[in-house]
Structures are given as C-alpha cells and as structure tokens.
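All remarks here apply to the structure that follows.
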Amino acid sequence: MHRRTFLKGLGAAATLPWLARGAQSESAAFAAPASHKILSCNIRVDVPTDSDAGDGWEQRKELCAEVIHSQKAHLIGLQEVQEVHFKDLKARMPEYNTYALANPDAVFHPANAILFLRSRYELISCGGFWLSELPHVAGSKSWDSARSRFANWVELKDRISGKQFRLWNAHLDHIGQQAREKGAAMIVQASDALPDVLPQIWTMDANASEDNNAIKSVKTSGWIDTYAAVHGAEDPGFTFHAFKGPQRGRGKKIDWIFCKGPIKPIAAAIIRDGRNNHYPSDHYFVSAEVSF
C-alpha cells in the first residue's frame, strides 16, 4: 500500500512541470549567461494562526511571489511547500519547471520543491531519498526527528554552456539534533559518490547555524558556504525572524547555499525585503551567484 501511494505521489511530482510555453527568450532578462543565480527560500507552511497578524499565506502570497520573482534566479530551492503554495507560485512564475518528492499523504505537499528556469536548463535526471534509516521508504523517519524529512535533487544541463551539474535541496529537522547530523551526513555521503568534476549545489534550511555539528560536518566534507566565500567567515545574522524582520534581535544564519566541485561563488546575499512591516515568510531568503 505504501509503495503504491509513494509511486503515485512521485509520479505526480515528476510530471508537474509548470506548463507555460513560449519562454525561450526568458534567460535574457536574468543574470549574466555565464553565471547561475540561486535562491534558497523557506516559505513557511500555511498556519491559520498566522492570519491573525496578517501573515497567513493568503495575505502574503503575492508578496512572496513578488520577492522571489524579483531576484531573477535561475535555480530555486524551496522548503515547507504545501499544495496551496505550489499552485499559487506556479501560477505566478510560469517560466520555471519544477521537481519534488512528497510524503505519502492524502494531500500532495511537495515540501522541498526545486524550480529551474525552463529556457536555461534541460532536466537530465531527478530523484531523492528520505532522511532516515529506511531512505527508500516514503514517509519514514528515524532517530529523534520530529517529522519525516527528505532530500531531493535534479541533474541539469545548462543549455548555454552544455555543462551538467546537480542541485540538492533539503530541510533538516527543527527538533532533533541527531536527526540533523544524520540527515546531513546522508546527503554528504550521496554527493561524495558523484564524480569530482561534476559541479554540485545544495540549498537548505538546516535549522542549524555554523557552530552546529551538522553544519561543521558539511563544511569539513568539502562543501563551501557561498555566503562566507564571498563575504568572509563572520556570520551575517539571523535568517529566521518569525515574521518580525529586523526587530527579532540577535541570531545566526540557518539557511544555506553550499557548493562543491569546479564551481566558484561570485555573489551572495540575505534578502530582507518586506512591505509595511510584513514579510514573504518567517525566514529571510538567501541567494548566491556562481560560475562553473
């Protein structure tokens, strides 16, 4: 039963490219062709109580799409995506194709959806696994994880240069430290099996800052923090702000864009855009620009 449900969900995720056509000239409006701009965006699950303060999804979906779209990214890793987010953002950003796994629930929630600019990239392959001791069992969880977590990936070919690369996207557990460490280690192990000449990118809400062992292990395995590579090792401050923006106070970056292999970070930013003291999410989005 679980297998049938999983395959049904996986098939739906794999065959839900955003269907708009006539977008062959879109890349001209985006960043320089020699580079690739990436976003990592935790867009916040749709929680009814957020609406009381004006931060429910229905109230911020236009702002969220506007902030993401204004960045003119080629590649986007989203976290906390539910079906409602998926449909609303798909309608507002039709120039992207997408891929995501989903837990075998009654409602399709493509939590870690990956978006890639249709005119720029050709999808070569895609997949993923659950961050558990049973990685190929959909919905599985292990250790001290509060909920089922998974990683998904796409392998893409740049239509301009012809170069191939892999993009990973994940969301580590918000409660379990062992789950964060084990989950990060699984992705590291999977990425280590790929050829050294293959550029790799990893977008992630890690629920962990630079001094957490989960992030330390990622860095010691050869993954480079794009923000630190551009701006230096000093932490830029919190990326989770609970819809309070700069008023939240002190904290550290927990949203990441890593890279590995023959790839060079050339720009990076924390996106703190908001409007009238409201924000597209309870996280700041982060961006990076890289060249192969």
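The values are calculated or read from the model by the stated rules, or taken from the named source; none is laboratory data. Small disclaimer: the values here were computed from a predicted structure and weren't measured. Because the Cβ atoms are built from the backbone with ideal geometry, glycine has one as well, and the counts that use them run over all protein chains shown.
Can you tell me which residue in region 131-171 is nearest to the chain's Cα centre (by Cα), limited to those that are closer than 22 Å to ILE224 by Cα and among the polar types (S, T, N, Q)?
ASN169
Among the residues of region 143-161, how many are buried (at least 19 other Cβ atoms within 10 Å of the Cβ), more than 20 Å from SER191 (Cα to Cα) and touching a helix residue (DSSP H, G or I) at 6+ places or on another chain (Cβ under 9 Å)?
Summing the residues that are buried (at least 19 other Cβ atoms within 10 Å of the Cβ), more than 20 Å from SER191 (Cα to Cα) and touching a helix residue (DSSP H, G or I) at 6+ places or on another chain (Cβ under 9 Å) in region 143-161 gives 1.
Would it be correct to say that GLY9 is more than 25 Å from LYS264 (Cα to Cα), modelled with pLDDT of 95 or more and over 19 Å from the mean Cα position of the chain (by Cα)?
Working: more than 25 Å from LYS264 (Cα to Cα): yes; modelled with pLDDT of 95 or more: no; over 19 Å from the mean Cα position of the chain (by Cα): yes.
Answer is no for this residue.
Scanning region 162-189 for residues that are assigned to a loop (DSSP other than H, G, I, E, B) and in contact (Cβ under 8 Å) with a residue 12 or more places away in the chain, which turns out surrounded by the most Cβ atoms within 10 Å (Cβ to Cβ)? Before you say what the answer is, go through the steps one by one.
Residues of region 162-189 assigned to a loop (DSSP other than H, G, I, E, B): 162-163, 172-176.
Okay, now just the ones that are also in contact (Cβ under 8 Å) with a residue 12 or more places away in the chain, so 163, 172-176.
Details: LYS163: 13, LEU172: 28, ASP173: 25, HIS174: 17, ILE175: 11, GLY176: 20.
Among those residues, the one meeting the criterion is LEU172.
Which residues, taken from region 191-201, are farther than 13 Å from VAL154 by Cα and either among the β-branched types (Val, Ile, Thr) or not in a loop (DSSP other than H, G, I, E, B) (or both)?
If the condition is that a residue be farther than 13 Å from VAL154 by Cα and either among the β-branched types (Val, Ile, Thr) or not in a loop (DSSP other than H, G, I, E, B) (or both), then ASP192, VAL197 are the ones that fit.
So which of ASP255, ASP273, ASP235 is acidic (Asp, Glu), buried (at least 21 other Cβ atoms within 10 Å of the Cβ) and in contact (Cβ under 8 Å) with a residue 12 or more places away in the chain? Even if it seems obvious, please write down each step before you answer.
Numbers: ASP273 fails: buried (at least 21 other Cβ atoms within 10 Å of the Cβ); ASP235 fails: buried (at least 21 other Cβ atoms within 10 Å of the Cβ).
From the options ASP255, ASP273, ASP235, the qualifying one is ASP255.
Look at LEU134 and say whether it is surrounded by 18 or more Cβ atoms within 10 Å (Cβ to Cβ) and hydrophobic (A, V, I, L, M, F, W, C). Spell out how you get there, then give the answer.
Numbers: surrounded by 18 or more Cβ atoms within 10 Å (Cβ to Cβ): no; hydrophobic (A, V, I, L, M, F, W, C): yes.
Spelling it out, it is not the case that LEU134 is surrounded by 18 or more Cβ atoms within 10 Å (Cβ to Cβ) and hydrophobic (A, V, I, L, M, F, W, C).
Applying the selection to region 199-216, what residues are touching a strand residue (DSSP E or B) at 6+ places or on another chain (Cβ under 7 Å) and within 24 Å of ALA111 (Cβ to Cβ)? Steps first, answer last, please.
Initially, region 199-216 is screened for residues touching a strand residue (DSSP E or B) at 6+ places or on another chain (Cβ under 7 Å), giving 199-206.
If the condition is that a residue be touching a strand residue (DSSP E or B) at 6+ places or on another chain (Cβ under 7 Å) and within 24 Å of ALA111 (Cβ to Cβ), then GLN200, ILE201, TRP202, THR203, MET204, ASP205, ALA206 are the ones that fit.
Looking only at region 145-161, which residues are farther than 19 Å from PHE116 by Cα and in a loop (DSSP other than H, G, I, E, B)? Before you say what the answer is, go through the steps one by one.
Step one: of region 145-161, the residues farther than 19 Å from PHE116 by Cα are 145-150.
Passing the criteria: SER145, ALA146, ARG147, SER148, ARG149.
Taking ALA242, is it small (Gly, Ala, Ser), assigned to a loop (DSSP other than H, G, I, E, B) and over 17 Å from the mean Cα position of the chain (by Cα)?
Values: small (Gly, Ala, Ser): yes; assigned to a loop (DSSP other than H, G, I, E, B): yes; over 17 Å from the mean Cα position of the chain (by Cα): yes.
Criteria met by ALA242.
Considering only residues that are closer than 20 Å to ARG44 by Cα, hydrophobic (A, V, I, L, M, F, W, C) and either assigned to a loop (DSSP other than H, G, I, E, B) or touching a Cys at 6+ places or on another chain (Cβ under 9 Å) (or both), which ones fall in region 264-289?
Of everything in region 264-289, those that are closer than 20 Å to ARG44 by Cα, hydrophobic (A, V, I, L, M, F, W, C) and either assigned to a loop (DSSP other than H, G, I, E, B) or touching a Cys at 6+ places or on another chain (Cβ under 9 Å) (or both) turn out to be ILE271, PHE285, VAL286.
For region 33-85, name all the residues that are in contact (Cβ under 8 Å) with a residue 12 or more places away in the chain, part of a loop (DSSP other than H, G, I, E, B) and either surrounded by fewer than 21 Cβ atoms within 10 Å (Cβ to Cβ) or of a type outside the set (A, V, I, L, M, F, W, C) (or both).
Answer for region 33-85, where residues must be in contact (Cβ under 8 Å) with a residue 12 or more places away in the chain, part of a loop (DSSP other than H, G, I, E, B) and either surrounded by fewer than 21 Cβ atoms within 10 Å (Cβ to Cβ) or of a type outside the set (A, V, I, L, M, F, W, C) (or both): PRO33, ALA34, ARG44, VAL45, ASP46, GLY54, ASP55, GLN71, LYS72, HIS74, GLU80, GLN82.
Quick check on region 217-232: of everything there that is in a loop (DSSP other than H, G, I, E, B) and either in contact with a strand residue (DSSP E or B) (Cβ under 6 Å, 6 or more places away or on another chain) or in contact (Cβ under 8 Å) with a residue 40 or more places away in the chain (or both), which residue is surrounded by the most Cβ atoms within 10 Å (Cβ to Cβ)? Give the steps one after another, and end with the answer.
Taking region 217-232 as the starting set, the residues that turn out to be in a loop (DSSP other than H, G, I, E, B) are 221-223, 232.
Imposing the further condition that a residue be either in contact with a strand residue (DSSP E or B) (Cβ under 6 Å, 6 or more places away or on another chain) or in contact (Cβ under 8 Å) with a residue 40 or more places away in the chain (or both) reduces the set to 222-223.
Values: GLY222: 14, TRP223: 23.
The selected residue is TRP223.
Would you point out the residue of region 96-131, among those that are at pLDDT 95 or above and β-branched (Val, Ile, Thr), that is surrounded by the fewest Cβ atoms within 10 Å (Cβ to Cβ)?
Checked region 96-131; the qualifying residue surrounded by the fewest Cβ atoms within 10 Å (Cβ to Cβ) is ILE124.
From the list GLY251, GLY232, GLY261, GLY237, which one is modelled with pLDDT under 95 and out of contact with any Ser or Thr (no Cβ under 7 Å at 6 or more places or on another chain)?
Numbers: GLY232 fails: modelled with pLDDT under 95; GLY261 fails: modelled with pLDDT under 95; GLY237 fails: modelled with pLDDT under 95.
Exactly one of GLY251, GLY232, GLY261, GLY237 is modelled with pLDDT under 95 and out of contact with any Ser or Thr (no Cβ under 7 Å at 6 or more places or on another chain), namely GLY251.
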